[in-house]
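What follows is a single structure, written as structure tokens, with notes after it.
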Amino acid sequence: MQRVVMAETEKAQAELAFLKAQVNPHFLFNILNNIYTLALTQDSNTASSIMKLSNMMRYLTDEAGNDEVSLSQEIACMTDYIDLQRLRLTQKTNIEYEIKGNLEDKKIAPLILMAFVENVFKYGVSNHKNTKLVIRLLAEQNLINLFCENTINPDKKNEKRTGIGLENTKKRLQYIYPNRHILAVENNQKVFKINLSIHLI
């Protein structure tokens, strides 16, 4: 029985490591494409964007390999990502980004929030119609709550939300926070919402 338990544990750890490895390049390549476009158009934000990307890469190489990171580090990475995304948006996209609560002395699995944030931009941005993106994070004593909402881009309406990042994150949540997280997803074909609560130890 002990060998069976150990084998299952090793299998879960190996699968988790594989999922984590897939997450990193998934959004990193998208960001590189955005900066490439800025460089081609000689945009004045190119230098600051490269610095933000550098910060994110440092986070990925130095911190994301750990089992846990500080919540403030994860949010800093999220903020850099959102700032990079803002550069490519038009006035048709309205972003509400809000962080509340005490971020100190809280740990979280690295990149566990990024896939949900990335999906907001992937499916919610349109160059033709007005869209609204909402990202709110609340940190309480033993609880982290992430709420994301986006208008569904008509061009993306019929696409399945089964990208590597989102599906991997769901699996990671099951492995890392069994019985300690609640993920509610709502999709009425016009607006997509996720509400994630993670109970900390």
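Hey, does region 103-118 have a residue that's in contact with a helix residue (DSSP H, G or I) (Cβ under 7 Å, 6 or more places away or on another chain) and farther than 16 Å from N145 by Cα? Checking region 103-118: at least one residue is in contact with a helix residue (DSSP H, G or I) (Cβ under 7 Å, 6 or more places away or on another chain) and farther than 16 Å from N145 by Cα.
Taking the listed residues K106, K129, the one that is farther than 17 Å from L60 by Cβ, open to solvent by 70 Å² or more (accessible area, probe 1.4 Å) and touching a residue at least 24 places away in the same chain (Cβ under 8 Å) is K129, with no other qualifying.
Of all residues in region 38-59, those that are touching a residue at least 24 places away in the same chain (Cβ under 8 Å) and more than 20 Å from Q73 (Cβ to Cβ) have Cβ atoms under 9 Å from Cβ atoms of residues that are open to solvent by less than 90 Å² (accessible area, probe 1.4 Å) and of a type in the set (S, T, Y), 6 or more apart or on another chain, in L38/T46; L38/S49; D43/T37; D43/S49. Can you say whether L89 is surrounded by 14 or more Cβ atoms within 10 Å (Cβ to Cβ) and part of a helix (DSSP H, G or I), as far as the supplied structure shows? Criteria not met by L89.
Scanning region 46-85 for residues that are modelled with pLDDT of 90 or more, outside any helix (DSSP H, G or I) and open to solvent by less than 60 Å² (accessible area, probe 1.4 Å) gives V69, S70.
The values are calculated or read from the model by the stated rules, or taken from the named source; none is laboratory data. Computed from a predicted structure; not experimentally measured. Using ideal geometry, Cβ is built from the backbone for each residue, glycine included, and neighbour counts are taken over all protein chains shown. Only protein heavy atoms, including side chains, enter the accessible area calculation; ligands, DNA and RNA are left aside. Shrake-Rupley method; radii C 1.70, N 1.55, O 1.52, S 1.80 Å.
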